[in-house]
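The values are calculated or read from the model by the stated rules, or taken from the named source; none is laboratory data. This is a predicted model, so every value here is computed, not measured. Virtual Cβ from ideal backbone geometry, glycine too; neighbours counted across all protein chains shown. When the accessible area is computed, the model is the full protein with side chains, heavy atoms only, and any ligands, DNA or RNA have been set aside. Shrake-Rupley method; radii C 1.70, N 1.55, O 1.52, S 1.80 Å.
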Amino acid sequence: MDDRDFAERWGRERLRNRPVGPHWLSGRLRQEGIDPELIRGVVAGLYAEFDEVDLAFRALSRRHFDCMEEKGRQRANRFLRSRGFSMAAVIGAIRRTQSTSY
């Protein structure tokens, strides 16, 4: 298996089972010794396949943050940002959580 196959398989498996953002995934692949140029292509391809807001929502739904309250939104924001999600995905996931809480 070459580096591209490894990165794609590992990344896809990670996104299916324990969603993370592109920043986290890129960093983890760098730790595995994958070439940065290859990482950019693989991560771009994976996030074309997986919706980042949906991944962030899935990651958030496994936790119990009260996103109707400011403190809960702040905790959810820190949690998702620490998992490498973009701010746009964080906002989208929190909004989706709020709309499903009613």
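So here's what we get for this one:
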item: Environment charge of residue 35, counting only residues whose C-beta is closer than 15 Å and scoring Lys/Arg +1, Asp/Glu -1; result: -2
item: For residue 100, net neighbour charge (Lys/Arg +1, Asp/Glu -1) across residues whose Cβ lies under 15 Å away; result: +4
item: Carbon plus sulfur fraction of accessible area for segment 36-102, probe 1.4 Å, in percent; result: 51 percent
item: Cα lying deepest toward the dipole's positive end in the chain, options 15, 72, 97, charges on Cβ; result: 72
item: For the chain, size of Cβ-based charge dipole, Lys and Arg +1, Asp and Glu -1, in debye; result: 580 debye
item: Residues of the chain: accessible area per residue with a 1.4 Å probe, Å²; result: 61 Å²
